[in-house]
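These notes concern the structure reproduced below.
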Amino acid sequence: DTVLQDYGLAQKLLRLVNTVAYAQHGQVTTVSRAVLLMGFDRVRSVALGLMLFEKLQAEAKTPALLDALNMSFYSAILGRSIAEQTALADKEETFITALFHNLGRTLVALYLPAEAKAIHSEGAQHQDFAVLKVLGMSYSSIGVSVARALNLPEKLLQSMNRVTGAQSHASMTDEEKLAALATLSNGVAHALATSASPKVKKQAIDRLVKSYGAPFKGHDGKTMDTLIAGAETELHEHSKTF
């Protein structure tokens, strides 16, 4: 009933549920069946994704903002896949956390294009230093502050902080696990977006995954290469909807 009150959300759910991912169920023509097939958690993820993307889509006039949006959405899909394989956290919560993980960067690209250009000019290896130099605070601090002003859930706020491989440990809280998965998936997306050769990209991703330890490698034999390829396929499918 709630979905049906939002025409935009209803039609996007129907478009999404009729993509290749759900093709085995035949054509879906009702919202109730779409919710049944997708599950409430997936519907929630899509709704939150639309909240972010519909606000920014009309403003996406700069390459920096387009890159930020694409990387955020790809990271969300990849993060959910990693969470599903590792069982470290709820996969839909990981999707949302990874999607909003770089909210600060996205907002800077939208509202402060000159500053975003100055940061980008410093090169990928010096991004963190450049952000502090230009903005006086980290992307993460900006994202968390804005998310708090929007009254987003506290668990999401706590999970938006970066948790690197060096900071991960066996007794992490649920929020820390979500943050680690979001940091990892966004790190992989960032590595893929560089202009380096495929060999160099793979080496960087392998080092990144290894830094998080065995629990982040999955337990069913699927490699990160497989997850990355699957996320790319899903990104292309979902991009028709978003």
Compute, for R42, the solvent-accessible surface of its heavy atoms (probe 1.4 Å) with the complete set of protein chains present, and express it in square angstrom to the nearest 10.
40 Å²
Probe of 1.4 angstrom, ligands and nucleic acids ignored: what's the accessible area per residue over segment 33-137, in square angstrom?
47 Å²
Ignoring any ligand, DNA or RNA, what whole percent of the accessible area of segment 129-242 comes from carbon and sulfur when the probe is 1.4 angstrom?
58 percent
Membrane-span-like helices (DSSP H runs, Cα span along own axis at least 27 Å, mean Kyte-Doolittle at least 0.0) in the chain -> 63-86, 174-193
May I ask for the Kirkwood hydrodynamic radius of segment 143-224, worked out over all distinct Cα pairs and given in angstroms to one decimal?
14.0 Å
My understanding is that a pair violates if its Cα-Cα distance is over 28 Å; which of K133/K202; K12/K91; K155/K217 do that in this structure?
K133/K202
Is the C-alpha gyration tensor of segment 51-162 telling us rounded, prolate or oblate? Criteria: a/c under 1.5 is rounded; beyond that, a/b larger than b/c is prolate, otherwise oblate.
prolate
Across all Cα atoms of the chain, Rg and the largest Cα-Cα distance (Dmax), in Å, are 17.8, 54
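The values are calculated or read from the model by the stated rules, or taken from the named source; none is laboratory data. If you're wondering where the values come from, they're calculated on a predicted model, not measured in any experiment. Just so you know, the surface numbers come from the protein's heavy atoms only, side chains and all, with ligands and any DNA or RNA stripped out. Shrake-Rupley method; radii C 1.70, N 1.55, O 1.52, S 1.80 Å.
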